[in-house]
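For reference, the structure discussed in these notes is given below.
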Amino acid sequence: MAPNPCRPWSRPPSARKSSLPRRPGSLEGVLMSDPLRIIHGPFGRVVLVRLDHSMVLHAHRDCHIVFKIGGADIQFGINGREYPVTAQSALMINAWEPHFYNHRETKENTVLLAFYLQPQWLKELDRRFAHSAHPKFFARPVETLTLRLARTRDDVVDALTQHVPPSTREIEALIAAVFCEVLTISPPRNLLHFAGEHGELDFDARIRRLVEHMLSAGDASTSPEAMASTAGLSRPQFFRLFKKSTGMSPAIFLSMLKMESGLRSLTQRDVKLQDIAFDLGFDTAGNFTRFFSGVQGFAPSRYRKILEVM
């Protein structure tokens with residue numbers, strides 16, 4: 001029988017005590033730089049980060065869950081409206097859902113724990129997560145933490161602040177526990193609702209073909225004008241239909257593809273940043289760095305230095 005991913009999980013006693021000094025709700029022992037821990041794996045990404053930089057409007061194909069671990073309360077913008085991120089809340093951002101962060105100076109920089117979970121991995125984990133790629137999977141963007149979800153979140157932080165990195169099995173079990181608890185307090189919409197939403201989106205066939213081709217080819221070096229030409233549409237008609245079909249502008253879609261490709265390339269440490277920049281259509285490594293920093297909040301060189309791949 002396959003293990004239940006939503007079964008309560010706890011860390012082995014030998015691994016529960018963090019090797020870094022930390023008061024509950026703070027990370028003084030590790031607040032040295034913006035990205036504190038970054039892990040890539042079959043599940044997607046887990047990032048522990050201290051925010052001191054705005055993030056432009058962008059989107060992911062991943063389910064995005066954000067917790068505040070320390071510092072000041074902040075707000076994240078989702079579809080033009082800002083929502084609170086506090087120690088008592090969980091922020092859920094759907095796949096394909098544009099979002100942003102406008103940094104405001106505070107006495108303490110905010111420390112966030114962010115999950116970027118791949119829908120295919122979630123689907124293989126449990127059939128109940130099969131529709132996590134849907135742009136309206138999460139019914140609400142903010143929920144109040146339960147004690148169990150807070151404990152599960154803290155288990156992840158404890159694992160990330162160990163000198164000895166967690167195993168793939170351990171981090172996957174922790175992520176599964178977090179996702180299950182999130183869905184306990186914020187159940188996803190039912191299948192009939194998904195079917196209704198799919199019809200309401202009115203995904204134009206020409207846009208669908210273009211998007212599917214670009215996703216399969218990983219082609220992010222084109223332009224919105226070239227995309228309109230490929231779809232056989234005028235520029236105004238293309239922009240209108242693309243936004244109606246996908247929920248985002250062509251520019252944000254291209255940014256999403258470039259970021260996905262850039263993140264994959266950063267895991268290959270023998271590939272120079274300049275080569276990554278050129279492959280993505282940037283004239284210089286500096287332009288790629290500005291693009292990357294605008295979305296992630298810190299430079300790709302720093303991201304690569306902290307990055308661990310499972």
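Couple of notes before you dig in:
- Matching residues in the stretch 61-98 - criterion: being under 18 Å from ASP34 (Cβ atoms) and touching a helix residue (DSSP H, G or I) at 6+ places or on another chain (Cβ under 9 Å): PHE67, ILE69
- Put simply, of PHE288, PHE282, PHE253, PHE242 the only residue that is in a helix (DSSP H, G or I) and more than 21 Å from the chain's Cα centre (by Cα) is PHE242.
- Counting only strands (runs of 3 or more DSSP E) that sit completely within the stretch 35-105, those holding 3 or more residues that are within 18 Å of PHE292 (Cα to Cα) correspond to 35-41, 44-51, 55-58, 99-101.
- Filter result for ARG153 (at pLDDT 90 or above, over 19 Å from GLN296 (Cα atoms), touching a strand residue (DSSP E or B) at 6+ places or on another chain (Cβ under 9 Å) and in a loop (DSSP other than H, G, I, E, B)): no
- Top-ranked residue of the stretch 204-230 - restricted to ones that are of a type in the set (D, E, K, R) and within 27 Å of the chain's Cα centre (by Cα), ranked as nearest to LYS244 (Cα to Cα): ASP204
- Contact map, the stretch 85-109: residues that are in the same structural domain as VAL182 (by TED's automatic domain parsing) paired with residues that are assigned to a loop (DSSP other than H, G, I, E, B) and of a type in the set (Asp, Glu), Cβ distance under 8 Å, separation 6+ or inter-chain. Pairs shown: VAL85/ASP73; THR86/ASP73; ALA87/ASP73; ALA95/ASP62; HIS103/ASP52; ASN109/ASP52.
- Inside the stretch 67-77, residues that are of a type in the set (A, V, I, L, M) and surrounded by fewer than 19 Cβ atoms within 10 Å (Cβ to Cβ) make up a count of 1.
- For the stretch 156-183, the tally of residues that are part of a loop (DSSP other than H, G, I, E, B) and either hydrophobic (A, V, I, L, M, F, W, C) or crowded, with 20+ Cβ neighbours inside 10 Å (or both) stands at 2.
- LEU233, sole failed condition from (1) in a loop (DSSP other than H, G, I, E, B); (2) surrounded by 16 or more Cβ atoms within 10 Å (Cβ to Cβ); (3) within 24 Å of the chain's Cα centre (by Cα): (3)
The values are calculated or read from the model by the stated rules, or taken from the named source; none is laboratory data. Predicted model, so just to flag it, every value in this text is computed and none were measured. Positions of Cβ are backbone-derived with ideal geometry, glycine not excepted, and every protein chain shown enters the neighbour counts.
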